[in-house]
Structures are given as structure tokens and as C-alpha cells.
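Working notes, beginning with the structure itself.
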Protein chains: 2
Amino acid sequence: EIATAAERLLRPPVPKPLAGKRVLITAGPTHEPIDPVRYIANRSSGKQGFAIAAAAQAAGAEVILVSGPVDLGDPPGVTVRHVESARQMLEQVQAALPADIAIFAAAVADWRVANEGEQKLKKTSAGMPPLQLVENPDILATISKLPEKRPPLVIGFAAETEHLIDNAKSKLARKGCDWIVANDVSPATGVMGGDRNTVHLISKNAAKNGEITVDSWPVMTKEQVAIELVAHVAKSVTGKSLESAS
Amino acid sequence: EIATAAERLLRPPVPKPLAGKRVLITAGPTHEPIDPVRYIANRSSGKQGFAIAAAAQAAGAEVILVSGPVDLGDPPGVTVRHVESARQMLEQVQAALPADIAIFAAAVADWRVANEGEQKLKKTSAGMPPLQLVENPDILATISKLPEKRPPLVIGFAAETEHLIDNAKSKLARKGCDWIVANDVSPATGVMGGDRNTVHLISKNAAKNGEITVDSWPVMTKEQVAIELVAHVAKSVTGKSLESAS
């Protein structure tokens, strides 16, 4: 006990390579209303985004977390904005700018229902009317392409069930972000809702004429993925390395 | 302390008016898959159905609870079957028959998506294809109209946002059940996901030529609604009253 305490006192202070940096993070699913009682959802638990928020806070950053509906407690020391729909998430993201780093880990619904019912929709004898869908605002592309206030480092996530790397590379180009964290969310992987993740970090290297590099990480817990990602972010924006957490 | 213990010993045993009866209960929402990561959900928390299961168990019944995805622990002494979709719920309900009483408190999705995607659906330049919906099996009507194995008392729930009593009466007639517990789930009421409920018990009186009676209860906790409902059930199927829980 005493030896441990002495060791702790002698240990150098925890490095805070993101001190003074403002990091904006999104997490969780969005819920898109069909009528007052029904909605379209997705299986994102928010665990990966919450872990990144905690890791960025531990690295000294000021963290704003915009979260969809999740069953997780707010991470200590993090400012959390709770939202339901993609439109609300975009509003809160815009309100949180400027930021030095934006990490969009939320699984935002691509679509919402065109005519949200004010009353509960009823079955009719004519059968079910198809649900007309309209495209939601694209938060990653919107922020990546901002003429002003674009965060210097914008990171998107690509959750795919097939052609993971190809889809993620094409997403990087299409959205205009700097990095993509790609992961396979096929049901067999247990990633959606689970505690582990296998990710590939796909980045555009401005110094090397926009060359795309793919860095495939081994399977890790979502906390480990968060610490690694924050270490890469710290190195990129400050040039300082985060000491590897043991 | 000693006085309380003595009082407890002297108190008559808790009445078990449903001893020897088998009660089948459904609870919670159903999730209807769109593709491996997206689904259609509803705001039911499962609290009312779980409270009824606990009250029926306390009244001495053998209870089988078929539950959609909820964030609630299994009630002690109750056999719980966990399902996701309406089709899975119907399967488990059918497998649980015969029963003396069936109480269908789940908020079952009326529809599911016609062509569930095996891979995550992608945005296309052509825009969003509408989601084609097909009708789900109607668990309440299916069980109410069983030629054999129909439970002697079948109770449905009607969650409405307008024309509550009229919609519930018409549901009673259409589905062929014996009672309907109707409640207003407009967002302003806070019933969906909340702890309180204001219900109307609508029953068809076989002895009185099928006369429909509407019994409107005051606002109560979901636990109180459960205890009252189980008391009515006990009186109906056994002729015995449940002593009112204070």
C-alpha cells in the first residue's frame, strides 16, 4: 500500500496533450419519429463514442458530447447534450462550434419519415401505406465542408456490413473529412451493443499529396480503441505523443 | 421492530386467489428489423406488463411473461421468454398455451418491413426507396379467435392518442377478446415510459347479453393498475376477491 502510494507520488504527472483543445464528439443512435409512439432506431449503444469522450477528457481536452438516446451515464467532466433525432443532433453540433477536433461516432439515421404522424397511425382496410423516407442532414459532410468554423481535424465513423475498407475510403472522399474509423458491424461480430471493436483507421495525409493510408488495429475493447484514437489525435494536432496507458 | 414482526405473524396469510391458474402475459415493445443495424421500435417501456406479471405471481398464479426488448429485470418467480419481433412474440405465446388467462399488454408493431435487408441499406443517388410495410400477425385477435385452446379470459390493451374509448370499444369487438384496458399515450400524458397510468377497463358482460361496460379508474402508478387489474381478474375467474393492497 505504502509502496504503491510512494510510487504514485514519484510517477510523472499524467500527460495532458489535449489541454486547451476543444473536442466535439457525437455518440449513440438517433431515433426518427414515425408518429407519437413509433420510431426508426438502430442498434448503436453509444459505448464507443462515450469511451472516446472519456479518453479525450482524461487527455486534458474540453469535451462536448452530443448523444442520441443511450443507456449510459454521462462521463464525468464532459458537457453532454442529449438529443433524439438527426436534425436535433446537427443543431447541437453546430451550436457547439468552434472546436479544434470533431469526432462523429454517432450512428446517425440516413433517413427520416417524410410525414410524421401527429396521431398514432392506424391500420386501414386498404392495407399499409408505405413509409415515405427523406434524407436526413449529413452531419459529417456538413461540418467537413463548412466554409468557416470547420474544425481543423474532422473524424468520421463508417459502420459497414460488407466491403468495409472500400466503402470507408469512398466515404472519406465523399464527405470531405480527414480520417475515417471503419468497423464491421455485421451481427456475427457482436460489435453493435458489444464491448469490443475491430477498427481500421483510414486517413488522408495532407503532407503526402492526399495519400490515403489504412491502419488496421487488432481487436480491442472499446475503451482501448478510444485511448488509441485519442493518442493518434494528440500526436496529429500537437505533435506530442500520449504515453501509452498500461 | 418486535411489534411489527408480531403483527406480521398475526396477520392472515396473503390471499392467493389465482393459485392453480396459469397466466400468460406479454409486455414491452417489439423491434421490427429493417436491415442488420436498423429497426422500427416504439416507446413502450414494458413497465405495465411487468407490473401485472409481478401482481399475478403474488396472487398465486403460475406466470409466463413474453417480453420484447426492455431495460427491466425479470420479475422473481415468473418464467420470462425474451423476444424481439411480433412474429417471435406470437410463436412464444402459442408455445405457452394452454393458459387460464391471457393479458396482452405488449405494444406489438402493427407492421414490419416487407423486404428486410441482409446488408446495411445504402443511400443511392436515386434517393430513398420507400419502406414497404406488411401487416404483422395480430396476436390478440389470433388468440381470441382460436378454435381450441382459447384462454377463458383474454384481455387486450389499447394505447391510443385520440378517441380513446370509441377506439377501444371497436377494438374489443373486432379482436374478439373479453376485456380491453385502454389508456391515452399522447406524449403530454407521459404514460409511455413513465410510472403512472390512467386506464379505462372496457368489458363485455356475457351474462348481460354482451353488454359493454366502461370502468374509468383514477390516475395510479403502474403497480397499482396491475394490482387492481389482477383483483378484477381474480374476481372474474374465481369469484373470490383479492384483498385490496394498501
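The values are calculated or read from the model by the stated rules, or taken from the named source; none is laboratory data. No experiment lies behind these values; they were computed from the predicted model shown. With ideal geometry, Cβ positions are generated from the backbone for all residues, glycine too; neighbour counts draw on all protein chains shown. Ligands, DNA and RNA are excluded from the accessible area calculation, which covers all protein heavy atoms including side chains. Shrake-Rupley method; radii C 1.70, N 1.55, O 1.52, S 1.80 Å.
From the residues in segment B:188-208 that are over 19 Å from residue B:70 (Cα atoms), outside any strand (DSSP E or B) and in contact with a Ser or Thr (Cβ under 8 Å, 6 or more places away or on another chain), which one is farthest from the other protein chains (Cβ to nearest Cβ)?
B:198
Condition first: more than 14 Å from every other protein chain (Cβ to nearest Cβ) and without any contact (Cβ under 8 Å) to a residue 24 or more places away in the chain. Now tell me which residues in segment B:95-115 satisfy that.
Hit for segment B:95-115 is B:95, nothing else.
Would segment A:167-174 turn up any residue that is over 30 Å from residue A:11 (Cα atoms) and open to solvent by less than 10 Å² (accessible area, probe 1.4 Å)?
yes
For segment B:50-70, state whether one or more residues are at the interface with another protein chain (Cβ under 10 Å from one of its Cβ atoms) and among the aromatic types (Phe, Trp, Tyr).
No.
When you check residue B:150 against the structure, is it farther than 26 Å from residue A:129 by Cα, in contact with a helix residue (DSSP H, G or I) (Cβ under 8 Å, 6 or more places away or on another chain) and of a type in the set (D, E, K, R), yes or no?
yes
Quick one: which of A:118, A:135 is facing chain B (nearest Cβ under 10 Å) and in contact (Cβ under 8 Å) with a residue 40 or more places away in the chain? Walk me through how you get there before you give the answer.
Numbers: A:135 fails: in contact (Cβ under 8 Å) with a residue 40 or more places away in the chain.
The conditions single out A:118.
Check whether at least one residue in segment B:115-133 is open to solvent by less than 60 Å² (accessible area, probe 1.4 Å), among the charged types (D, E, K, R) and at pLDDT 95 or above, and report yes or no.
No, segment B:115-133 has no match at all.
Being within 20 Å of residue B:39 (Cβ to Cβ), in contact (Cβ under 8 Å) with a residue 40 or more places away in the chain and aliphatic (A, V, I, L, M), is that true of even one residue in segment A:141-155?
Kept after step one, since they are within 20 Å of residue B:39 (Cβ to Cβ), are these residues of segment A:141-155: none.
Within segment A:141-155, not a single residue is within 20 Å of residue B:39 (Cβ to Cβ), in contact (Cβ under 8 Å) with a residue 40 or more places away in the chain and aliphatic (A, V, I, L, M).
Check off (1) closer than 30 Å to residue A:35 by Cα; (2) over 14 Å from the mean Cα position of the chain (by Cα); (3) not in a loop (DSSP other than H, G, I, E, B) for residue A:169 and give me the number that stays unchecked.
(1)
Within segment B:21-43, take every residue that is within 14 Å of chain A (Cβ to nearest Cβ) and within 10 Å of residue B:105 (Cα to Cα) and give me the one that is surrounded by the fewest Cβ atoms within 10 Å (Cβ to Cβ).
That would be B:29.
Rundown of residues vs (1) in contact with a helix residue (DSSP H, G or I) (Cβ under 7 Å, 6 or more places away or on another chain); (2) without any contact (Cβ under 8 Å) to a residue 40 or more places away in the chain; (3) farther than 24 Å from residue B:141 by Cβ, yes/no style:
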| site | (1), (2), (3) |
| --- | --- |
| B:18 | yes, no, yes |
| B:65 | yes, no, no |
| B:69 | no, no, no |
| B:74 | no, yes, yes |
| B:84 | no, no, no |
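Take residue B:145 and tell me if it is open to solvent by 50 Å² or more (accessible area, probe 1.4 Å) and more than 27 Å from residue A:118 (Cβ to Cβ). Show your work before the answer.
Working: open to solvent by 50 Å² or more (accessible area, probe 1.4 Å): yes; more than 27 Å from residue A:118 (Cβ to Cβ): yes.
When the stated conditions are applied, residue B:145 passes them.
Look at segment A:180-235 and say how many of its residues are open to solvent by less than 70 Å² (accessible area, probe 1.4 Å), of a type in the set (D, E, K, R) and over 21 Å from residue A:50 (Cα atoms).
Result for segment A:180-235: 1.
Got at least one residue in segment B:214-225 being in contact with a Ser or Thr (Cβ under 7 Å, 6 or more places away or on another chain), of a type outside the set (D, E, K, R) and not in a loop (DSSP other than H, G, I, E, B)?
No; the residues of segment B:214-225 include none that is in contact with a Ser or Thr (Cβ under 7 Å, 6 or more places away or on another chain), of a type outside the set (D, E, K, R) and not in a loop (DSSP other than H, G, I, E, B).
When the residues of segment B:46-70 are filtered to those that are open to solvent by less than 30 Å² (accessible area, probe 1.4 Å) and polar (S, T, N, Q), which remaining residue is nearest to residue B:160 (Cα to Cα)? Spell out how you get there, then give the answer.
Of the residues in segment B:46-70, the ones open to solvent by less than 30 Å² (accessible area, probe 1.4 Å) are B:46, B:48-53, B:55-56, B:59-61, B:63-68.
This time we only want the ones that are polar (S, T, N, Q), so: B:48, B:67.
Numbers: B:48: 15, B:67: 21 Å.
Ranking the candidates gives B:48 first.
In the set A:226, A:168, A:231, which member is modelled with pLDDT of 90 or more, closer than 27 Å to residue A:98 by Cα and in contact with a helix residue (DSSP H, G or I) (Cβ under 6 Å, 6 or more places away or on another chain)?
A:226
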